[in-house]
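> Below is a structure I'd like to ask you about.
The values are calculated or read from the model by the stated rules, or taken from the named source; none is laboratory data. This one's a predicted model, so the numbers in the text were calculated from it and none came from an experiment. All Cβ positions, glycine included, derive from the backbone under ideal geometry; neighbour counts span all protein chains shown.
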Amino acid sequence: MDKELSHFPVMVNEIVSFIKPEDNGIYLDCTFGQGGYTKAIFKISEKANVIAIDQDSDTKIFVEEISRQFRNNFFFFCNKFSEIDKILKKIDQEQFDGILLDLGMSNTQLNNPSRGFSFEKDGPLDMRMDYKNNQLTAKEIINNYSEKDLANIFYYYGEERNSRKIARQIINYRTKEPINTTSELSKIIKKVNFDKFKNPSTRVFQALRIYVNDELNELESFLNKSINILKRKGRIAIITFHSLEDRIVKNFIKKQSELSGQLKIITKKPVIPSLHEVKINSRSRSAKLRVAEKI
Ligand SMILES: C[S@@+](CC[C@H](N)C(=O)[O-])C[C@H]1O[C@@H](n2cnc3c(N)ncnc32)[C@H](O)[C@@H]1O
């Protein structure tokens, strides 16, 4: 595989040390990607069982390799993780010893220009993880949503301070011609935004991706179901990559430990990657891992 499209699993050692995979244990990898965490579980215990989910049908090529080796104890579902109830009905299983979520997109998605996730690569404005079923693309939003709606999306999902100015520029541009590509959008954003530390397009692209894939609702919906599908003493480990996701996870774990008393907080503060990991995998730099255990 092209090195750029390879995905290095973030904090994989930390994940397995918290989840502690065991023979005959059953684990749910909600964000399979290239299967980094699933492989790490099987490396520790070949007799563990893994149910893996990913909404992106392109991940199926990584499923085959693991399926061949672990035919009887690995099952993959191409679904959204919020559809867990539907998946559980198909398998004879109700609860898990460990649940893993590694949110956001993989390198395979980010670095493939045809998926339209990256402002550094020219491609169609797409950004759908589930491109087979989701009809809403970033192009549809950028070319058809009102100025106010665009500004709100950039502000709420990207925490973009220049949201209104960028929305105005987009409207000005699209009255002349449609905005079709990531490079065209990036050029428009650069007319308004200047950032010493980040690419000026980072926040708008993040906002569009979150909106296209309904990421925050997906996360909340899954978390609300997660307690019931976790065994007693089972653990849930979640890696987030921006403050909007981390806030949802933090508040959920806090509420379930303080109010309902169903979870025990295992990581008082979020675990972050080592300097060494950040050096060899810059994508890991904003990762935060939170872990809780069912009481
Ligand atoms: C950061 S990657 C995970 C990488 C994986 N841990 C590995 O080691 O290869 C996130 C993956 O989760 C998938 N994903 C994101 N949101 C999802 C959702 N709501 N339901 C199912 N899959 C989702 C994406 O398609 C992507 O492949």
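> Any residue at all in the stretch 162-170 that is surrounded by fewer than 17 Cβ atoms within 10 Å (Cβ to Cβ), part of a helix (DSSP H, G or I) and under 24 Å from the mean Cα position of the chain (by Cα)?
no
> Could you identify the single residue in Thr202, Thr240 that is at pLDDT below 95 and either β-branched (Val, Ile, Thr) or buried (at least 20 other Cβ atoms within 10 Å of the Cβ) (or both)?
Thr202
> When the stretch 93-135 is examined, which residues are found to be closer than 24 Å to Ala40 by Cα and more than 19 Å from the chain's Cα centre (by Cα)?
Gln93, Glu94, Gln95, Phe96, Asp97
> How do the strands (runs of 3 or more DSSP E) wholly within the stretch 198-295 filter down when requiring 2 or more residues that are more than 24 Å from Gln93 (Cβ to Cβ): which remain?
Answer list for the stretch 198-295: 288-294.
> Going through Lys269, Lys255, Lys279 one at a time, which residue ends up being surrounded by fewer than 16 Cβ atoms within 10 Å (Cβ to Cβ), closer than 18 Å to Ser17 by Cβ and either assigned by TED's automatic domain parsing to the domain that holds Phe8 or within 21 Å of the chain's Cα centre (by Cα) (or both)?
After applying the criteria, what remains is Lys269.
> Additional query: Can you pull out every residue in the stretch 15-69 that is within 12 Å of the ligand (Cβ to nearest atom), among the hydroxyl-bearing types (Ser, Thr, Tyr) and either without any contact (Cβ under 8 Å) to a residue 60 or more places away in the chain or in contact with a helix residue (DSSP H, G or I) (Cβ under 8 Å, 6 or more places away or on another chain) (or both)?
Thr31, Tyr37, Thr38, Thr59
> Of everything in the stretch 79-115, what is outside the structural domain of Ser286 (by TED's automatic domain parsing), more than 13 Å from the ligand (Cβ to nearest atom) and closer than 18 Å to Asn133 by Cβ? Give them in sequence order.
Ser114 - this is the single residue of the stretch 79-115 that is outside the structural domain of Ser286 (by TED's automatic domain parsing), more than 13 Å from the ligand (Cβ to nearest atom) and closer than 18 Å to Asn133 by Cβ.
> Determine whether Phe76 is within 8 Å of the ligand (Cβ to nearest atom) and touching a strand residue (DSSP E or B) at 6+ places or on another chain (Cβ under 9 Å).
no
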